[in-house]
């Protein structure tokens, strides 16, 4: 932790300096805590950490990618979210967003690496090509691998943004001519947070950084190194079309009546049942929509090898969790059969109950007649 002699500002000081009010700050803390999935009682801790913690220096490297992760971040819902990465965490180096270039840019990066060794966060966007001695991606005459290894040496932790950095993405698609390689297969001695998606949601990216600032440690990760707060559930589990899936009601083609009715997109290739992400809950474009809501099936961009899992518009042949040989058709039929069986069982039970009630009433009536005769 830096001392008070350090000229860096705390997150709160930076936010207020940028013209935001205390009210804006509190709204942001509540907003980001909700996305992080922490209890409301923890909002106070988030606030305190942002008020007292100095901005974390960040080096952001770009390799084989399309810059969609950076684009996603700067278009997040809350304005302070964008400021977190553009200013509030001391973004000391990024080829995409910084004004400096050439020797000035490289000097800024090396100054940060030297001054804040062991403190800075290394963010990586893009895969690293190992083919042809790394000549497929060179910056300032150096290979992406050399640059990554150097920057990672003094990093406190590494965040692999997007599917390119976490699993190679489309660059690693068969036959992978550049030998595109994800970050965790190159750097073995540093904690790495994998944040897949093409691109990840901006609020997810902000939530991960704020978690590290608030709690001083990495968020809880799953077995694939993804933050559980954002990747613990399938898109399928939070999809508003899920009831149609369970009922066996599917879109057969994008221009049929079922598509107009908003039925499940599984049969036209939706990968929601096998994709772990927050698209259905956090959503995109200021929380307005996500691919399935716009009428296009999930392509599973946050899962490994999604580019080689067959055509995007062909359904999966089986779904794990329902039995290896189960299909949506079988599930739908079973669901429909269970529904019909339930209705029949309810009708039989109701009929039996009614008959029993009539018998009791009849018996009671006869007993009352006997009492009147007496």
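The values are calculated or read from the model by the stated rules, or taken from the named source; none is laboratory data. None of these values were measured; they are calculated from a predicted model. Please note: Cβ atoms are built from the backbone with ideal geometry, for glycine as well, and neighbour counts cover all protein chains shown.
Taking the stretch 61-82 as the region of interest, how many residues are part of a loop (DSSP other than H, G, I, E, B) and surrounded by 18 or more Cβ atoms within 10 Å (Cβ to Cβ)?
Initially, the stretch 61-82 is screened for residues part of a loop (DSSP other than H, G, I, E, B), giving 63, 65-67, 75-78.
Then keep just the ones that are surrounded by 18 or more Cβ atoms within 10 Å (Cβ to Cβ); that gives 63, 65, 76-78.
The qualifying residues number 5.
Restricting attention to the stretch 138-147, which residues are crowded, with 20+ Cβ neighbours inside 10 Å, in contact (Cβ under 8 Å) with a residue 24 or more places away in the chain and part of a strand (DSSP E or B)?
Those that are crowded, with 20+ Cβ neighbours inside 10 Å, in contact (Cβ under 8 Å) with a residue 24 or more places away in the chain and part of a strand (DSSP E or B): none in the stretch 138-147.
Just one of 126, 118 is more than 30 Å from residue 25 (Cβ to Cβ) and either touching a strand residue (DSSP E or B) at 6+ places or on another chain (Cβ under 9 Å) or at pLDDT 90 or above (or both); which is it? Break it down into steps so the answer makes sense when it comes.
On the way: 118 fails: more than 30 Å from residue 25 (Cβ to Cβ).
Within the list 126, 118, the selection yields 126.
Quick check on the stretch 301-308. Is at least one of its residues over 30 Å from residue 76 (Cβ atoms), over 22 Å from the mean Cα position of the chain (by Cα), outside any strand (DSSP E or B) and at pLDDT below 95? Quick ask: steps written out before the conclusion?
Of the residues in the stretch 301-308, the ones over 30 Å from residue 76 (Cβ atoms) are 308.
Those left that are additionally over 22 Å from the mean Cα position of the chain (by Cα): none.
Within the stretch 301-308, none of the residues are over 30 Å from residue 76 (Cβ atoms), over 22 Å from the mean Cα position of the chain (by Cα), outside any strand (DSSP E or B) and at pLDDT below 95.
Working only within the stretch 33-60, note down all residues that are exposed (fewer than 14 other Cβ atoms within 10 Å of the Cβ) and without any contact (Cβ under 8 Å) to a residue 12 or more places away in the chain. Spell out the reasoning first.
Within the stretch 33-60, the first condition is being exposed (fewer than 14 other Cβ atoms within 10 Å of the Cβ), and the residues that meet it are 39-41, 44, 48, 52.
39, 40, 41, 44, 48 - these are the residues of the stretch 33-60 that are exposed (fewer than 14 other Cβ atoms within 10 Å of the Cβ) and without any contact (Cβ under 8 Å) to a residue 12 or more places away in the chain.
Select the helices (runs of 4 or more DSSP H) contained entirely in the stretch 148-262, then report the ones holding at least 3 residues which are surrounded by 15 or more Cβ atoms within 10 Å (Cβ to Cβ) and touching a residue at least 12 places away in the same chain (Cβ under 8 Å).
Values: elements: 162-167, 202-215, 228-231, 242-246, 257-260.
Answer list for the stretch 148-262: 162-167, 202-215, 228-231, 242-246.
So which residues in the stretch 272-294 are assigned to a loop (DSSP other than H, G, I, E, B) and in contact with a helix residue (DSSP H, G or I) (Cβ under 7 Å, 6 or more places away or on another chain), if there are any at all?
So in the stretch 272-294, the residues assigned to a loop (DSSP other than H, G, I, E, B) come out as 275, 277-283, 285-288, 290-294.
Listed by number, the residues that qualify are 275, 277, 278, 279, 280, 281, 282, 292.
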